[in-house]
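The values are calculated or read from the model by the stated rules, or taken from the named source; none is laboratory data. Worth saying up front: this structure is predicted, and the values here are computed from it rather than measured. A quick note on method: Cβ atoms are made from the backbone with ideal geometry, for glycine too, and the neighbour counts reach across all protein chains shown. Side chains are part of the model used for accessible areas, which takes the heavy atoms of the whole protein and leaves out ligands, DNA and RNA. Shrake-Rupley method; radii C 1.70, N 1.55, O 1.52, S 1.80 Å.
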Amino acid sequence: LSQQDLAGETVLVTAGPTQEELDPVRYISNHSSGKMGYALAQAARHRGAKVILVSGPTCLEPPPGLELVRVVSARQMYEAVMTRAEGCSVVIKAAAVADYRPLLRNGDKLKKKDDNLTLELAKNPDILSQLGQLNPRPLLVGFAAETTDLQNNAAAKLAAKNLDMIVANDVSQEGAGFNVSTNIARLLYRDGRVEPLELMPKTRLAELILDRVGQLLQNKGRA
Ligand code: C5P
């Protein structure tokens, strides 16, 4: 495949964590750095794609030449993605979206009171599942960060969310997952194929994922 194998394609990438506010000064979030998503966005840009990067809060410098949409919460990410997905040929969901948010957001800072405090949480919309239901739908790539039973959990998500490919990484392994510059992943496909990969920089993993995306788009074109 040529360097410009994604020319003419519009690729939407989500990256980073989401933050779910509890009150004006507190939130629930996770350790996602955004590195994997930003590497994917930059690599897609280099291959000639028009790129939309929907990013949760990160410290990273946005790569040049792409449309950056900044969001904070999962519900904001949902809006940002769903309003833009129809014009896209590929959506890569590298963001670590919070599954739950505080049911109520306090207008004022919560006060310290009793020894135990119970927080009630509400489920966030699953963006990727909604995308999987679009018709026609863009080529969909998801991520699965797991600490147990990696391959089975990832395969179940691929099927449940109607994805073309899922990048499974065991976040309990050294050099994989959140907040590091390397990853150890395996790629799972709809037809049941599994491609295990060695430890590599997230920048190289991004190139490899986009190689596969390019091939999947070609197959789709032939189908
Ligand atoms: O189900 P789980 O959150 O583990 O699935 C991970 C994949 O689903 C990731 O690609 C993530 O970006 C996406 N996701 C999403 N919306 C959510 C939760 C996860 O798009 N609310």
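Specify the residue that is surrounded by the fewest Cβ atoms within 10 Å (Cβ to Cβ); the eligible residues are those in the range 196-223 that are under 19 Å from the mean Cα position of the chain (by Cα) and part of a strand (DSSP E or B).
So the residue we want is PRO201.
What single numbered condition from (1) open to solvent by less than 90 Å² (accessible area, probe 1.4 Å); (2) within 13 Å of the ligand (Cβ to nearest atom); (3) modelled with pLDDT of 95 or more fails to hold for LYS123?
(1)
Within the range 17-32, work out how many residues are assigned to a loop (DSSP other than H, G, I, E, B) and either of a type in the set (D, E, K, R) or closer than 20 Å to LYS123 by Cβ (or both).
5
To keep it simple, each residue is scored yes or no on (1) within 10 Å of the ligand (Cβ to nearest atom); (2) within 16 Å of the chain's Cα centre (by Cα); (3) modelled with pLDDT under 95.
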site: ALA49; (1), (2), (3): no, no, no
site: THR58; (1), (2), (3): no, yes, no
site: LEU68; (1), (2), (3): no, yes, no
site: VAL71; (1), (2), (3): no, yes, no
site: GLN76; (1), (2), (3): no, yes, no
site: ALA80; (1), (2), (3): no, yes, no
site: ALA85; (1), (2), (3): no, yes, no
site: ILE92; (1), (2), (3): yes, yes, no
site: ALA96; (1), (2), (3): yes, yes, no
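Of (1) within 26 Å of HIS31 (Cα to Cα); (2) in a loop (DSSP other than H, G, I, E, B); (3) open to solvent by less than 70 Å² (accessible area, probe 1.4 Å), GLY192 satisfies all except one. Which?
Only one criterion in (1) within 26 Å of HIS31 (Cα to Cα); (2) in a loop (DSSP other than H, G, I, E, B); (3) open to solvent by less than 70 Å² (accessible area, probe 1.4 Å) is unmet by GLY192, namely (1).
Using the structure shown, decide if ALA39 is in contact (Cβ under 8 Å) with a residue 12 or more places away in the chain and open to solvent by less than 10 Å² (accessible area, probe 1.4 Å).
It is false that ALA39 is in contact (Cβ under 8 Å) with a residue 12 or more places away in the chain and open to solvent by less than 10 Å² (accessible area, probe 1.4 Å).
Can you tell me which of ARG45, ARG84, ARG75 is basic (Lys, Arg) and either open to solvent by less than 20 Å² (accessible area, probe 1.4 Å) or in contact with a Lys or Arg (Cβ under 8 Å, 6 or more places away or on another chain) (or both)?
That would be ARG75, the only listed residue that is basic (Lys, Arg) and either open to solvent by less than 20 Å² (accessible area, probe 1.4 Å) or in contact with a Lys or Arg (Cβ under 8 Å, 6 or more places away or on another chain) (or both).
Hey, can you tell me all the residues within the range 152-189 that are more than 11 Å from the ligand (Cβ to nearest atom), in a helix (DSSP H, G or I) and open to solvent by 70 Å² or more (accessible area, probe 1.4 Å)?
Across the range 152-189, the qualifying residues are ASN152, ALA159.
Being closer than 13 Å to ILE92 by Cβ and out of contact with any Lys or Arg (no Cβ under 9 Å at 6 or more places or on another chain) narrows it down to one of ALA155, ALA206, ALA160, so name that one.
Matching residue, one of ALA155, ALA206, ALA160: ALA206.
Against the definition (aliphatic (A, V, I, L, M) and part of a loop (DSSP other than H, G, I, E, B)), how does LEU60 come out, yes or no?
Judged against the criteria, LEU60 is a match.
THR148 versus (1) touching a Ser or Thr at 6+ places or on another chain (Cβ under 9 Å); (2) more than 9 Å from the ligand (Cβ to nearest atom); (3) within 30 Å of ASN219 (Cβ to Cβ): which is the lone unmet condition?
Just one mismatch for THR148, condition (3).
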